[in-house]
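For reference, the structure discussed in these notes is given below.
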Amino acid sequence: MPLSHLEHFLILTDDMEGTRDWWVNVLGLTEGPHPDFGFPVYWLYIGDTDVLHIGAAQASDSQKLYLGDTRGKAGGDTGALDHIAFRASGLDEIMDRLKRHDVPFTDRRVDNQALFQLFLHDPNGVKVELNFSADEVKDRRASVMAEDLR
């Protein structure tokens, strides 16, 4: 039974609305439909695909029953997960949007993969990687270039 694709990721947070607003306003995801679980959730979409689910860090009994053990999710050790990555386009527009929303970011360039990358953090400390094709970059040099690390 091979894996076919990533379904979604879940962020448990003390500020569901603020987290939703950040992902919608800063990165352009859209809020969309979700099942009625009997506890509050937000599902955010890229196009027609739900990619981010948001739930309460202080889970209700219903949420605990449905999701199981949530220890270690918010405010604790989340294991080896380092970041969530998205392919993106519109590098200049996204950089302007991040600056308008006062979202700090770092830039990186991976020449052998022809990627220009931005790294930033959501309000919960989740690291987000945005990957842009080299076609958008032209002569832009990132603050850290993979070729300089050799």
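Applying the criterion of at least 2 residues that are basic (Lys, Arg) and loosely packed, with under 12 Cβ neighbours inside 10 Å to the strands (runs of 3 or more DSSP E) found wholly in segment 23-66 leaves an empty list. The residues listed here are 21, 14; of these, the one that is at pLDDT 95 or above and charged (D, E, K, R) is 21.
Among the residues of segment 93-150, just one is of a type in the set (Phe, Trp, Tyr) and surrounded by fewer than 16 Cβ atoms within 10 Å (Cβ to Cβ), namely 105. For segment 106-143, a residue qualifies if it is more than 17 Å from residue 29 (Cβ to Cβ) and assigned to a loop (DSSP other than H, G, I, E, B), and the qualifying residues are 114, 125, 137, 138, 139, 140, 141, 142, 143.
The set of residues from segment 109-150 being of a type outside the set (D, E, K, R) and either touching a His at 6+ places or on another chain (Cβ under 9 Å) or closer than 30 Å to residue 56 by Cβ (or both) comprises 118, 119, 120, 121, 123, 124, 125, 126, 128, 130. Residue count for segment 28-51 under the criterion of being in contact with a Leu (Cβ under 8 Å, 6 or more places away or on another chain), closer than 16 Å to residue 86 by Cβ and of a type outside the set (Ser, Thr, Tyr): the result is 5.
The values are calculated or read from the model by the stated rules, or taken from the named source; none is laboratory data. These numbers come from a predicted model, not from an experiment. For neighbour counting, all protein chains shown are included, and Cβ atoms are generated from backbone atoms with ideal geometry for every residue, glycine included.
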